[in-house]
Amino acid sequence: MGHNSASASIQLVSLLILSGILSLETIKLGFCNDDHNVRCIDIERKALLKLKQGLMDPSGQLSSWVGEDCCKWSGVGCNNITGRVNRLDLGNRDGYEENAFDGEINPSLLVLKDLEYLDLSIINNFGGVQFPSFIGSLEKLKYLNLSGLDFVGVIPPNLGNLSRLLYLDLGNHIPPNIKVDENLETDLQWLATLSSLKYLNLGGVNLTKATSYWLPTVNMLPSLVELHLQSCSLPMLPLTLPSINFTSLSVLDLSGNEFTTTIPPWLFNLTKLEMLDLSYNSLMTGKLPDSLGYLKSLRYLHLLYNSFQGSIPKSIGNLTSLEEFYLRGNQMSGIIPESLWELSSMVSLDISRNTWEGAITEAHFVKLGGLREVSIGNDPPNISLVFNISSDWIPPFKLRYLEIISCQLGPKFPTWLRNQTELTTVVLHNARISGTIPDWFWQLDLQFDILDVADNQLSGRVPNSLRFNHASTIDLTSNRFEGLLPLWSSNISYLYLRDNQFSGPIPHNIGQVMPNLQYLDISTNSLSGSIPLFLGTLSQLQVILISNNLLSGEIPHFWNNMPSLQMIDLSNNNLSGEIPHFWNNMPLLISIDLSNNSLSGTIPRSLCSLTSLQLLGLSSNNFSGEFPSLKNCTNMNILDLGDNKFSGPILASIGESMPNLHILSLRSNSFTGSIPLKLCGLSALHILDFSHNNLSGNIPHCIGNLSYLKSESTDEVNYGYEGRFELVSKGREFVYDYFSILYLVTSIDLSDNKLSGEIPMGLTSLIKLDTLNLSMNHLTGNIPTNIGNLELIETLDLSMNKLSGKQFQTFIDPSIYEGNPGLSGCPLPTGCQYNEGAPQVLSGDGGEDDDSKREKLQFVIGMVIGFCAGFWGVFGTLAMKRSWRYAYFHFLDKVKDAVLYFVLAIGTYLQKRS
């Protein structure tokens, strides 16, 4: 479903339309055959051979280009009377890149004066070469297809000489949600002379130079039937058009641009439109207009991933021919109108990732007997759409694709799936289903592309008998499935079993049974034993996440067999030994997290060769020695070495070679020396933790240059990794997921070192700081008077230093100043003048007798003993037993999520009532 289906629909419409446009009568192409004794012209045969010499032909497509009669060569067509070449079709039909041509397009084609049809399309690897300008001289061309060739430079304006063109395709054929380097551009003025054009595809061509006049230019093509301008970086969709000339338009694809306006009114005058695709833009800070109902010929309407609001207009019911309606990923809300369920021609319906409410019953589907693909749901945590469907309902349709996300589908597994025997995709994600999946579902003997029942409360065991298609996905994340890890067919590429109750060892034959795995996530379970050697046979593996289990033993030495590996997370286990020395064989590796184990030894020098590395997490182990230089790791975003035994100086190369560093944690080690001045150049840094080391010298005066902490704006950062980061603040340890709000956390912690000198004035310019901890050092001098500029500060600790003078009364918690004998001023007792009316603290015994004091003392002692027994009875056990600790905090996470969902639900209910 989604854009793959959209592309298929566009191709289907194209075939239907072009069957008329490109008929033999229209293009008038003939071929040599046995009824005519006409041979190709020698000069044209030589021209074709020159073209062949400039091409690399790995599939041997041109192997037939031998002999004197070029009209019999593969891909060559000639006029039956004159013998002149009028057709050259070298398009890569099978689509496999290894079979594509490479090289150059020789200008010898200019000899082919009668050429009317030229196709060099689809993954022919001419990328990086200039657009062949000589093609503009082939004036008899009626069909020109150079799509997918990835030319660079400017489309030559002499293409406007091809006034006979009916079909022009220069597009890249890329999905509109993929951003590409638009190396090919044009000003589009040449297009106005192609008045006979019926098909135009410039997808992926940079049209920013034509921003103000692209639409008036296209409007000058009265015969145009199909227009594809997807991913052209067009920032503006004009709202007005004085007159409309291209009223024959049947297909309009403007997806993947940068439009921010509403849908323009002129579009609803294109009453012959059968296909409209405006997906992946930023349209509409408003509702879908009722005038959408004017487009009564529409069969395919794709509006995915925009910003439409409100509900679906009732006029949707006028689109009686509509077969595909995609509205995924907008900001729509309210009740789904009844008129939508009247569209009996509907085959594919996708209205997920919005905020619908109300109830869906079996009555809504009575007229949708042709439905094959359906996706309904909300963005979490909005579970305001309920399925009220009786258990004995038999649907009138046979689905291939079913996706229900963040709806109240449960609590029981939907029994109406009993007769859905053609399903290949089943997504029941966050649907509030509990209990076990019934046996009858497994006995349907479905063959899955995707099976996703994540974020429910399902339990029991999953059978090993499931069948899957090529490159399939199974996602059982965040349920209560138990037993041994199940193994399925070799077709599975993406396996998500995180956050369940699977136990026992990782199967030793996992690499044999599922050799095509690319993504393996079995984290947060109760798996035990060692990491099996056979895991190393997964040569296609890109991501391996085994964190938060009970694994032990050493890390196997098999990583050199995984050249595609990008992410490794083995954190929060009980692994031991040293890190293997094979990192230089994984050039794509971007993330390594081995934190919270019992690993030891020094860090292998081979780690320094990972130029693509973006995250390195080695915290809470027993590593020692000096940390090697990472000057080659220029893409590093997160470096966490905390809670180890590293020693030596902090390397200045961190500041020189890691310009994109967001998080730098070296806490609780034995680093010595001063803080390098080069670190001040880390413009993206928002968490800096050097606490609990042996650093000396001054705090760098340039620390105020950390530009991310000075800016008032907060741009969201997508770290792109699984895993967690631990941060200490207010004496407590906070754990953040990399996909959570971690980018909002701003902290500098230099506590418990031997830093001296004054607090640099530049610190007070870091106005985005949440936490500043400089305690337990040897800092002297006054507190900067403009420390009050830190308006967002939540935690400030300057205690246990040698500061003097007056404390600044913006922050009145005395504990943040204690241990500085030279400080005075309220709330400190020294130099603080209380108001006479202020309450006084009593001193002495206050008239209490000895019995009263003794009773209070006994009460306090009893409280202390009871507290200690209760505290260590629970938390002592958690501290000593890792599996209990994980289970406890996992339980707290579940409770937190449940409370959050409950509060949001109450808020939604009250909002409706108000």
Considering only residues that are under 21 Å from Y494 (Cβ atoms) and part of a loop (DSSP other than H, G, I, E, B), which ones fall in the stretch 430-449?
N430, A431, I437, L446
Consider S606 carefully, then state whether it is more than 23 Å from L485 (Cα to Cα) and in contact with a strand residue (DSSP E or B) (Cβ under 8 Å, 6 or more places away or on another chain).
no
In the list K631, K678, which residue meets the criterion of being surrounded by fewer than 23 Cβ atoms within 10 Å (Cβ to Cβ), of a type in the set (D, E, K, R) and outside any helix (DSSP H, G or I)?
K631
Any chance P556 is part of a loop (DSSP other than H, G, I, E, B), free of Cβ contacts under 8 Å to residues at least 40 places away in the same chain and under 24 Å from I603 (Cβ atoms)
yes
Got at least one residue in the stretch 358-369 being modelled with pLDDT of 95 or more, outside any loop (DSSP other than H, G, I, E, B), out of contact with any helix residue (DSSP H, G or I) (no Cβ under 9 Å at 6 or more places or on another chain) and more than 13 Å from I336 (Cα to Cα)?
no
Strands (runs of 3 or more DSSP E) contained entirely in the stretch 687-748, each with at least 3 residues that are crowded, with 17+ Cβ neighbours inside 10 Å and touching a Ser or Thr at 6+ places or on another chain (Cβ under 8 Å)
687-689, 724-729
Within the stretch 392-420, which residues are more than 31 Å from the chain's Cα centre (by Cα), within 24 Å of Q447 (Cα to Cα) and part of a loop (DSSP other than H, G, I, E, B)?
W393, I394, P395, P396, F397, K398, K412, Q420
Could you tell me whether F259 is among the aromatic types (F, W, Y), modelled with pLDDT under 95, assigned to a loop (DSSP other than H, G, I, E, B) and under 17 Å from L200 (Cβ atoms)?
no
Condition first: among the hydrophobic types (A, V, I, L, M, F, W, C), farther than 20 Å from V728 by Cβ and over 26 Å from the mean Cα position of the chain (by Cα). Now tell me which residues in the stretch 614-641 satisfy that.
F627, L630
Checking L588, L618 in turn, the sole residue that is crowded, with 22+ Cβ neighbours inside 10 Å and of a type outside the set (D, E, K, R) turns out to be L618
So D845, is it part of a helix (DSSP H, G or I) and at pLDDT below 75
no
Scanning the stretch 588-603 for residues that are under 21 Å from L661 (Cβ atoms) and in a loop (DSSP other than H, G, I, E, B), the one nearest to the chain's Cα centre (by Cα) turns out to be I590
Looking only at the stretch 457-474, decide whether some residue is under 22 Å from N549 (Cα atoms), touching an Asp or Glu at 6+ places or on another chain (Cβ under 7 Å), crowded, with 19+ Cβ neighbours inside 10 Å and of a type in the set (K, R).
no
Of all the residues that make up the stretch 450-507, how many are assigned to a loop (DSSP other than H, G, I, E, B) and of a type in the set (S, T, N, Q)?
10
P659: passes all of (1) surrounded by 15 or more Cβ atoms within 10 Å (Cβ to Cβ); (2) under 28 Å from the mean Cα position of the chain (by Cα); (3) closer than 26 Å to S595 by Cα; (4) not polar (S, T, N, Q) but (1)
Of those in the stretch 763-809 that are within 20 Å of G731 (Cβ to Cβ) and of a type in the set (V, I, T), the residue surrounded by the fewest Cβ atoms within 10 Å (Cβ to Cβ) is T795
Out of S606, S547, S539, S571, I need the residue that is within 30 Å of the chain's Cα centre (by Cα), in a loop (DSSP other than H, G, I, E, B) and free of Cβ contacts under 8 Å to residues at least 60 places away in the same chain. Which one?
S539
When you scan the stretch 316-357, how many residues do you find that are farther than 14 Å from C407 by Cβ, of a type outside the set (D, E, K, R) and part of a loop (DSSP other than H, G, I, E, B)?
13
Quick check on my filter: what residues within the stretch 749-771 are more than 30 Å from I568 (Cβ to Cβ), out of contact with any Lys or Arg (no Cβ under 7 Å at 6 or more places or on another chain), not basic (K, R) and not in a helix (DSSP H, G or I)?
L750, S751, D752, N753, L755, S756, G757, E758, I759, P760, L769, D770
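The values are calculated or read from the model by the stated rules, or taken from the named source; none is laboratory data. Treat the numbers as computed from the prediction; the structure is a model and nothing was measured. Every residue, glycine among them, receives a Cβ derived from its backbone with ideal geometry; neighbour counts consider all protein chains shown.
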